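Peer 1: My questions all concern the structure below.
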Amino acid sequence: MTLWGGIEAGGSKFVCAVGTGPDDLRELVRFPTTTPEETIGRAAVFFQPYAAALTAVGIASFGPLDPRPDSPTFGFITTTPKAGWAQVDLAGAIRRALGVPVAFDTDVNGAALGEGRWGAAQGLDTFIYLTVGTGIGGGGMVNGQRMHGLLHPEMGHIRVPHDRERDPFAGICPYHGDCLEGLASGPAIAARWGQRGELLPEDHPAWELEATYLALALVDFICTLSPQRIVIGGGVMRAPSLLSRVRRRVLELLGGYVAPLAGGVDSYIVPPALGDRAGVVGAIALAQECEQSRGREGGHEVSSVSIR
């Protein structure tokens, strides 16, 4: 029996799973992200009982990271502010521990791949996946290919208009202060209002401000990439009415300019169909892509996301 492994490597927790897709997960485990040695070791131990059947492992990781297959630091988490994790060879450590090919990409590109194959973006070739939680990140597909370039998208670090009279909060991003993540992530909400978002009532002014920042970002992405759909998840998006507020503000900010959205925003900006499993299921999809690429190596085609 052929199985694939998936790791959603998050800044606060790792999620590991073995299976073939969202309807066939043989085992799934979550544990806190601590030190690299402890966390990677725990992930490797999880997969050991499946070693005989494991074909490849996909890793969908927090970043910044290096997804370039021709780079000496391919598979590394690079300049992250998370203590102890900068310049960690995550993909290489898993490959060495398990002896199988390892595919590697961002957590949001992985989740996008999962939603495209099995979830809310099935049948589409150009779409965005955005997560709003401890951080804000975005990825997706363009013409059927995951978004890569110089490195990978950093949608959480775009600059959005910041009305300091309405919102004097300086922002919390250690690099940029008041970028999107610095203004609208879960920790930014807690720092601005003095308590976590899940403790704020639905009529609190936090939610209209949050919807405005997210809508400003989505309008930029819509006008730049023209995605066929936007899938938006993460812990902050669980707040009641936030998604509907974002949809409304997007339409207001576009002002009728993108005509196809006028009557269909509810089916255009949507939650992930895979829920909180999108990242780890997407990591399994990465592993499957890696295996498919290996099957083509007779024609000298080498995967752009795997190491052996």
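Laboratory data are not the source of any read-out in this text; all were calculated from the coordinates shown. Predicted model, so just to flag it, every value in this text is computed and none were measured. Don't worry about glycine lacking a Cβ; one is built from the backbone with ideal geometry, like all the others, and counts go over all protein chains shown.
Peer 1: Give a residue-ordered list of calculated ³J(HN,Hα) values for segment 119-129 (Karplus: 6.51 cos²θ - 1.76 cosθ + 1.60, θ = phi - 60°; whole Hz; x for Gly, Pro).
Peer 2: Karplus-based 3J(HN,Hα) across segment 119-129 equals x, 6, 10, 4, x, 9, 10, 9, 7, 10, 10 Hz.
Peer 1: Viscosity 1.002 mPa s, temperature 20 °C: Stokes-Einstein D of segment 1-107 from its Kirkwood Cα radius, in µm² per second?
Peer 2: Numbers: Rh = 13.7 Å.
Reported coefficient: 156 µm²/s.
Peer 1: If you stretched the chain out fully between residue 150 and residue 86, how much longer would it get, using 0.36 nm times the residue separation minus the C-alpha to C-alpha distance? Show your work: numbers first, answer last.
Peer 2: On the way: separation 64, 0.36 × 64 = 23.04 nm, distance 1.89 nm.
Additional length available on full extension: 21.1 nm.
Peer 1: Let me ask you something else. How large is the dipole of segment 120-270 about the Cα centre if only Lys and Arg carry +1 and Asp and Glu carry -1, each at its Cβ, rounded to the nearest 20 debye?
Peer 2: Working: 12 positive and 15 negative charges, 41 e Å.
Using Cβ point charges on Lys, Arg, Asp and Glu, segment 120-270 gives about 200 debye.
Peer 1: Here is a follow-up. From the square roots a ≥ b ≥ c of the eigenvalues of the alpha-carbon gyration tensor of segment 120-270, which class results: rounded (a/c under 1.5), prolate (a/b over b/c), or oblate?
Peer 2: On the way: a/c = 1.73, a/b = 1.37, b/c = 1.26.
It comes out prolate by the Cα gyration axes.
Peer 1: With a/c under 1.5 counting as rounded, go ahead and sort the chain into rounded, prolate or oblate using the C-alpha gyration tensor (a ≥ b ≥ c being the square roots of the eigenvalues; past the cut-off, prolate if a/b is larger than b/c, else oblate).
Peer 2: Details: a/c = 1.91, a/b = 1.54, b/c = 1.24.
Since a/c reaches 1.5 and a/b is larger than b/c, the shape of the chain is classed as prolate.
Peer 1: Can I ask one more? With an 8 Å Cα cut-off and a minimum separation of 6 or more residues, compute the relative contact order for the chain in percent. The partial results should precede the final answer.
Peer 2: Details: 627 pairs, mean separation 71.8, N = 308.
23 percent.
Peer 1: Distance between the C-alpha centers of segment 142-183 and segment 263-283? Whole Å please.
Peer 2: Comparing the Cα centres of segment 142-183 and segment 263-283, I get a distance of 21 Å.
Peer 1: For segment 120-270, calculate the relative contact order in percent as a whole number, restricting contacts to Cα pairs under 8 Å that are 6 or more residues apart.
Peer 2: It rounds to 26 percent for segment 120-270.
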